[in-house]
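All remarks here apply to the structure that follows.
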Amino acid sequence: MALPPLFQRLRLPVVGSPLFIISNPDLVIAQCKAGVVGAFPALNARPASQLEEWLDRITTELAEHDARHPDRPAAPFAVNQIVHRSNDRLEHDLELCVRYKVPIVITSLGAREEVNQAVHSYGGIVLHDIINNTFARKAIAKGADGLIAVAAGAGGHAGTQSPFALLHEIREWFDGPLLLSGAIASGNGILAAQAAGADLAYIGSAFIATEEANAQPAYKQMIVDSTAGDIVYSNLFTGVHGNYLRQSIVNAGLDPDALPASDPTAMNFGSNRVKPWKDIWGAGQGVGAIKRIVPAAELIARFAEEYAMARQRLALGTVSPRGASSTQTA
């Protein structure tokens, strides 16, 4: 099945994942102007009244961009809604998404038919993130339009399954929009996601180390300085398993190699000792590809160049284990 028409405006097959605390209007607008979907969690707008200010600014600035650049309109934006029953802002935030006709709503921590229906009422689409095939089937059965497969290595709350296994099982029965999340931080990774069965790559950690991101300078630098071996998988901090930067755990006075397990039903999103996202910093295993703190547009340009080169290598049949030409002679 072809992707919905709104994705035809993308420069790259990429959705920037909504990053708790970090994603803000500056980052979202920069991502969309550069040609990828920008997204933010509704809960990042605090107090709740600020959400309307954010939506007004984003829609206004993107419309102005499109009027000035009809030949290269901005990509659509997305708002992430936590649909778990513990989110007492959901009704308020969803009403604003309907009022502003947010093109894409990303739902997390549960699938609810009434949320999907509200988004469909004005022509929006819903993408639901899942960590296994069982949850994927439930999301589509309740009316989601597409799926975000959160595979092993993704930043923040992440699954444990190989992207190859997860995408294969979903594609056996679902031919709609399918995104892949998990350690994607290069143009090669974007193309690999498509080759494995996804339509779009879902990228988060790389955008933490951008100038527009609302992250502490030390957090951005830790992303740059880290590699896959510096990622720790634990459910201690929120009750839900996620990937975090080892050094941030050490800085909080904890031993990353001896973290106790948490009650998976706790959903505490913080404790008296440390707070996830504020003190304990999330990141995925793709951080090794992030070498500098740059503007979002520069990062996306790097992705685009790498993606084009990867496609060219495949078209020419020149891929080898080390990326050198397989047609070279000694």
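The values are calculated or read from the model by the stated rules, or taken from the named source; none is laboratory data. For clarity, every value in this text was computed on a predicted model and none was experimentally measured. Cβ: placed from backbone, ideal geometry, glycine included. Neighbour counts: every protein chain shown. Side chains included, ligands, DNA and RNA excluded: accessible areas come from the protein's heavy atoms. Shrake-Rupley method; radii C 1.70, N 1.55, O 1.52, S 1.80 Å.
The table that follows gives values for the structure above.
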quantity: Single match in 41, 13, 47 (criterion: open to solvent by less than 50 Å² (accessible area, probe 1.4 Å) and either more than 22 Å from residue 303 (Cβ to Cβ) or touching a helix residue (DSSP H, G or I) at 6+ places or on another chain (Cβ under 6 Å) (or both)); calculated: 41
quantity: Scan of segment 132-179 for residues that are open to solvent by 40 Å² or more (accessible area, probe 1.4 Å), touching a residue at least 40 places away in the same chain (Cβ under 8 Å) and among the β-branched types (Val, Ile, Thr), ordered by number; calculated: 160
quantity: Complete set of residues in segment 205-256 that are at pLDDT 95 or above, of a type in the set (Gly, Ala, Ser) and either open to solvent by 60 Å² or more (accessible area, probe 1.4 Å) or not in a loop (DSSP other than H, G, I, E, B) (or both); calculated: 205, 206, 218, 228, 229, 248
quantity: Where a residue in segment 301-317 is surrounded by 15 or more Cβ atoms within 10 Å (Cβ to Cβ) and its partner, wherever it lies, is modelled with pLDDT under 95, with Cβ under 6 Å and at least six apart; calculated: 313/319
quantity: Filtered residues of segment 104-123 (kept if crowded, with 22+ Cβ neighbours inside 10 Å and under 22 Å from residue 74 (Cα atoms)); calculated: 104, 105, 106, 119
